[in-house]
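K.L.:
To start, I am sharing the structure in question, which I have written as structure tokens.
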Amino acid sequence: EAKLVKIIGVVDSEPRLKSGYRGQNALSFNLNVEKVRLSQTEWRIRERVRVNINRFQREPEIDIGQRLVLEGQLSLPKSNTSSSFDYKKYLFRQAIQTILNARPDQLRILNQTTNPLIATANIIRKRIKQSIYQSLSGDRAGLMLGILIGDTTGFSEDLQDDFGKPGL
């Protein structure tokens, strides 16, 4: 049985809400870990992990730069031999070698973004998303967000497949 670890870290990528296993939503983002606690032992570390929060039911209130406490299970990413996309290599290129799987009740926001530039960028990113969704719909909105701010969460499965075939 895998043990639960508690980590403290700072969000360093925009959280993405995706339709997950059995239609349940999953929130995914990268976290710069500062501390890890297992049982009664705590370590200060510098490690970047991918966080997956399963069964996430609401729009995320998590922003880049926020400090979080999470509890979950750590695992190593696996290579996908059944397709041309290799998730393990993809994460490795982002300096990520570990995945933390957690539930929404295992997440707590310690503090908001203190860097004024990051806070302003978060506000601008949210306003761009609102404006695009008010003006466009479907794949057009998703494609525009992907081009402007790198947000591909609005891509339909067909559009994801179209971009995935040539490796984009």
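The values are calculated or read from the model by the stated rules, or taken from the named source; none is laboratory data. Since the structure is predicted, the reported quantities are computational estimates derived from the model, not experimental observations. Positions of Cβ are generated from backbone atoms using ideal geometry, with glycine treated the same way; all protein chains shown enter the neighbour counts. What goes into the accessible areas is simple: the full protein's heavy atoms, side chains included, and nothing from ligands, DNA or RNA. Shrake-Rupley method; radii C 1.70, N 1.55, O 1.52, S 1.80 Å.
K.L.:
Looking at the range 1-42 only, could you name the residues that are at pLDDT 80 or above, at negative phi and not in a strand (DSSP E or B)?
P.N.:
Listed by number, the residues that qualify are Lys3, Leu4, Asp12, Ser13, Glu14, Pro15, Gln40.
K.L.:
Would you please list the contacts, defined by Cβ atoms under 6 Å and residues six or more apart or on different chains, that run from a residue in the range 3-14 that is under 14 Å from Leu100 (Cβ atoms) to a residue that is among the aromatic types (Phe, Trp, Tyr) and at pLDDT 90 or above?
P.N.:
Pairs found: Val11/Phe29; Ser13/Phe29.
K.L.:
Another question, then. Under 9 Å by Cβ, and 6 or more places apart or on different chains, what pairs join a residue from the range 122-139 that is at pLDDT 85 or above and of a type in the set (A, V, I, L, M) with one that is in a helix (DSSP H, G or I) and open to solvent by 90 Å² or more (accessible area, probe 1.4 Å)?
P.N.:
Ile128/Leu148; Ile132/Arg140; Ile132/Leu148
K.L.:
Mind checking which residues of the range 136-156 are among the acidic types (Asp, Glu) and more than 19 Å from Lys126 (Cβ to Cβ)?
P.N.:
Selection gives Asp139 alone.
K.L.:
Let me ask you something else. In the range 65-80, which residue that is outside any strand (DSSP E or B) and closer than 11 Å to Val10 by Cβ is most open to solvent (accessible area, probe 1.4 Å)?
P.N.:
Gly65
K.L.:
Here's another thing I want to ask about it. Since Asn101 meets every condition but one in (1) crowded, with 16+ Cβ neighbours inside 10 Å; (2) farther than 29 Å from Leu74 by Cα; (3) not aliphatic (A, V, I, L, M), which condition does it not meet?
P.N.:
The number of the failed condition is (2).
K.L.:
Name the one entry in Leu159, Leu145 that is over 30 Å from Leu38 (Cα atoms), modelled with pLDDT of 85 or more and touching a Gly at 6+ places or on another chain (Cβ under 9 Å). Let's see the steps before the verdict.
P.N.:
Values: Leu159 fails: modelled with pLDDT of 85 or more.
Residue meeting the stated conditions: Leu145.
K.L.:
Residues being open to solvent by less than 90 Å² (accessible area, probe 1.4 Å) and either touching a residue at least 60 places away in the same chain (Cβ under 8 Å) or touching a helix residue (DSSP H, G or I) at 6+ places or on another chain (Cβ under 9 Å) (or both): count how many of those fall in the range 87-97.
P.N.:
Selection size over the range 87-97: 2.
K.L.:
Let me ask you something else. Suppose we keep only residues that are at pLDDT 90 or above and outside any loop (DSSP other than H, G, I, E, B) within the range 91-101. Which one would you say is nearest to Asn25 (Cα to Cα)?
P.N.:
Here the answer is Asn101.
K.L.:
Six or more apart or on different chains, Cβ atoms under 9 Å: show the pairs whose first residue is in the range 142-168 and of a type in the set (A, V, I, L, M) and whose second is modelled with pLDDT under 80 and open to solvent by 80 Å² or more (accessible area, probe 1.4 Å).
P.N.:
The qualifying pairs are Leu168/Asp162.
K.L.:
Hey, could you check the range 103-151 for residues that are among the hydroxyl-bearing types (Ser, Thr, Tyr) and outside any helix (DSSP H, G or I) and say which is nearest to Arg50 (Cα to Cα)?
P.N.:
Thr113
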